[in-house]
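Engineer: Have a look at this one before I ask anything.
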Amino acid sequence: MKYDEYELLELFEAEPSVIFDYQTGMFMYSKDDDHGFHLLLTMSVHESQCSVSLSYKHFKGLIFNFELEDISQIKGENNRLTILGNDCNTEVEISFKPHFSLKTVRL
């Protein structure tokens, strides 16, 4: 799975949390917006898997949670998180500005 850590750093405005150690290739990125929403991206680079979830501070559960397999690339460009499958089709596209919004979902 390809990704540019600088694109994701710019998009999430923070370094990822490393799960276990750096060699495992498992990372977690998160971002909170001004309205109380929390977006979480967890990725396993070596297994080509990731999950994306959105929660809200006043809800007990998750608004959504996607678990995706066979991911070829994760992009973080133009205030947008784009996750591509192995067939290079967009699986999930999430805009970050002006607020979190789903643009494309193909599960």
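Every number in this text was worked out from the coordinates using simple rules, so none of it is lab data. Keep in mind that what you see is a predicted model, and the values were worked out from it rather than measured. Methodologically, a virtual Cβ is constructed for each residue, glycine included, from the backbone with ideal geometry; neighbour enumeration extends over all protein chains shown.
Engineer: What are the lysines whose alpha-carbon lies under 16 Å from the alpha-carbon of LYS57, with same-chain residues fewer than 8 places away excluded?
Structural biologist: Within reach: LYS31.
Engineer: Tell me, what HN-Hα J-couplings in whole Hz come from the Karplus equation 6.51 cos²θ - 1.76 cosθ + 1.60 at θ = phi - 60° for each residue of segment 46-51, using x for Gly and Pro?
Structural biologist: So the J values, rounded to whole Hz, are 5, 9, 6, 10, 7, 9.
Engineer: Evaluated at 20 °C with a viscosity of 1.002 mPa s, what Stokes-Einstein diffusion coefficient in µm²/s does segment 14-96 have when Rh comes from the Kirkwood expression over alpha-carbon pairs?
Structural biologist: Value of D from the Cα-based Kirkwood radius: 159 µm²/s.
Engineer: Test of the criteria: in segment 1-70, which chymotrypsin sites (Phe, Trp or Tyr not before Pro) are in a DSSP loop and have at most 11 other Cβ atoms within 10 angstrom of their Cβ?
Structural biologist: PHE20, PHE59
Engineer: Using the basic label-point model (7 angstrom from Cα toward the beta carbon), what is the THR104 to SER51 distance in nanometres?
Structural biologist: 2.4 nm
Engineer: Shifting gears a bit: Calculate, in nm to one decimal, what GLU69 and HIS38 gain on full extension: separation in residues at 0.36 nm each, minus their alpha carbon distance.
Structural biologist: Residue separation times 0.36 nm, minus the Cα-Cα distance, leaves 8.9 nm.
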